[in-house]
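Everything below concerns the one structure shown next.
Readers should treat all values here as calculations from the given coordinates under stated rules, not as data from a laboratory. Since the structure is predicted, the reported quantities are computational estimates derived from the model, not experimental observations. Neighbour counts are summed over all protein chains in view; Cβ atoms, including those assigned to glycine, are modelled from backbone coordinates with ideal geometry.
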Ligand code: PMP
Ligand code: GLN
C-alpha cells in the first residue's frame with residue numbers, strides 16, 4: 001500500500017544515538033547538551049509542580065510566559081510583540097514548524113527550503129500536501145545565493161524557510177542577506193518561516209539578524225524559537241512562535257488540535273527564569289564560544305579539518321584526509337570502529353552534493369566528553 005511519507009525512515013539522530021549506545025561510542029551526534037540545566041530553572045519547575053500547576057494551561061501558553069517572551073524579544077531585537085495576539089507557546093520548535101506549515105500550506109503549494117536544512121521541514125510540507133523546492137546553499141560557506149532563491153519562486157510559492165544560526169553548518173545570515181531577502185519578498189505574498197532556535201548562540205561579537213528586527217519581514221513571518229537550546233533542556237520540548245495576529249490566528253487553529261497546550265509546569269519555570277536571570281541567555285554565546293574555541297584547537301591535532309563556526313553548537317569537519325567513504329558510511333565507520341558519533345550531512349539535503357566529505361560534530365558537551373572524543377579522533 002502507498003504510504004504517506006515513502007521517502008521517510010527513522011531520523012538520522014535516532015539512528016546514530018542508538019548506534020552510539022550499542023557501541024559505547026562518545027556521542028557528538030544528536031544535538032543535546034550533556035551538562036545540567038540552570039539550578040534556578042530546575043527549582044522553579046519542581047516548585048511549579050508542588051504548587052499544583054499541573055493542569056492544562058491556556059491554549060496559547062500561560063500569560064506570564066508570553067509576556068516574558070515579549071519583553072525579552074524587545075530587549076534583544078527592539079520589537080515588542082503583543083503577548084496576547086502574537087506569541088504562542090508550543091511543544092518545541094518542531095511543533096511550531098509543523099503548525100506553521102499546516103496553517104498556511106495548501107495541497108500543491110510550493111515551499112522553498114535551503115539545503116542543507118533541518119530534517120523535519122520537508123515531511124511537514126509533504127504531510128500538508130505541499131512540495132518542498134530545494135535550493136542549495138554554498139557548499140563551503142553555506143551562504144544563500146539569493147539569485148538562485150529568486151529563480152525558484154513561482155506562482156505557487158507559498159512559503160520560504162530560513163534558519164540562522166544554521167543547523168548543520170553554524171552559518172549566519174548577515175545584514176546584506178536580510179536586504180536581499182527583503183527585496184526578494186517585496187510585492188509577493190510569500191510567507192517567511194524563520195527558524196531561530198540557536199538565536200542566542202552566536203560568536204565573535206556577531207549580531208543575530210532576527211527577522212523580528214525588520215518590520216517589513218516580520219509582517220509576513222512566523223519566527224520560531226526553542227527553550228531546549230537556550231536552557232540546555234532539549235527533552236522538555238517547549239518552544240514558541242511569534243507572528244503577526246493574522247498569522248498567529250491561523251497557527252493557533254493547528255496548535256489547538258495538535259497538542260492544545262504544552263507542559264504547564266515548565267511554562268511557569270521559564271517565565272520565572274527569563275525574568276530572574278536574563279544574564280543566562282545574554283551570556284550563552286560566550287559560554288559556547290569557549291567550548292567552540294577549545295574544541296577547534298583540539299581538532300587541529302587530528303586529521304579532520306574544521307570549517308568556520310559563526311554560531312550554533314555544531315562543528316562541521318572535512319574528513320577527506322581520513323577517508324573517501326560517503327558521509328553516511330564514514331559516520332557509521334567512525335562510530336562502530338573508532339568510537340565517536342558524528343552526523344552525516346546527506347540527510348539534510350533533497351539531493352546531497354556528490355563527493356561531499358563533511359560530517360557534523362556537536363560541541364554542546366562537557367570538556368571530559370570532548371576530550372574523550374578528541375583522544376579517539378587523534379588515532380584516525
Ligand atoms: N530547528 C532546528 C534548526 C533544530 O536544530 C532543532 C532541534 N535541534 C529544531 C528546529 C527542533 O527544536 P525542538 O527540539 O525545540 O523541537
Ligand atoms: N535538532 C537536533 C540535532 O540537529 C536533533 C533533534 C532530534 O533528534 N529530533 O541534532
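Tabulated values for the structure
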quantity: All positions within the range 146-175 that are more than 16 Å from ligand 2 (Cβ to nearest atom) and within 17 Å of residue 351 (Cα to Cα); calculated: 148, 149, 152
quantity: Hey, residue 113 under 21 Å from the mean Cα position of the chain (by Cα), closer than 26 Å to residue 216 by Cα and within 16 Å of ligand 2 (Cβ to nearest atom) or not; calculated: yes
quantity: Output for the range 217-237, where each listed residue is touching a strand residue (DSSP E or B) at 6+ places or on another chain (Cβ under 7 Å) and part of a loop (DSSP other than H, G, I, E, B); calculated: 220
quantity: Test for residue 359: is it in contact (Cβ under 8 Å) with a residue 24 or more places away in the chain and under 30 Å from residue 132 (Cα atoms); calculated: yes
quantity: Criterion: under 19 Å from residue 235 (Cα atoms) and touching a helix residue (DSSP H, G or I) at 6+ places or on another chain (Cβ under 7 Å) - qualifying residue of 319, 313; calculated: 313
quantity: Number of the condition not met by residue 45 [criteria: (1) within 16 Å of ligand 1 (Cβ to nearest atom); (2) in a helix (DSSP H, G or I); (3) surrounded by 14 or more Cβ atoms within 10 Å (Cβ to Cβ)]; calculated: (1)
quantity: Residues located in the range 179-195, provided they are closer than 18 Å to residue 100 by Cβ and crowded, with 16+ Cβ neighbours inside 10 Å; calculated: 181, 185, 190, 191, 192, 193, 194, 195
quantity: Residue in the range 1-27 that is farthest from ligand 2 (Cβ to nearest atom), counting only those that are more than 21 Å from residue 376 (Cα to Cα) and touching a helix residue (DSSP H, G or I) at 6+ places or on another chain (Cβ under 6 Å); calculated: 5
quantity: Given (1) surrounded by 16 or more Cβ atoms within 10 Å (Cβ to Cβ); (2) part of a helix (DSSP H, G or I), number of the condition residue 37 does not satisfy; calculated: (2)
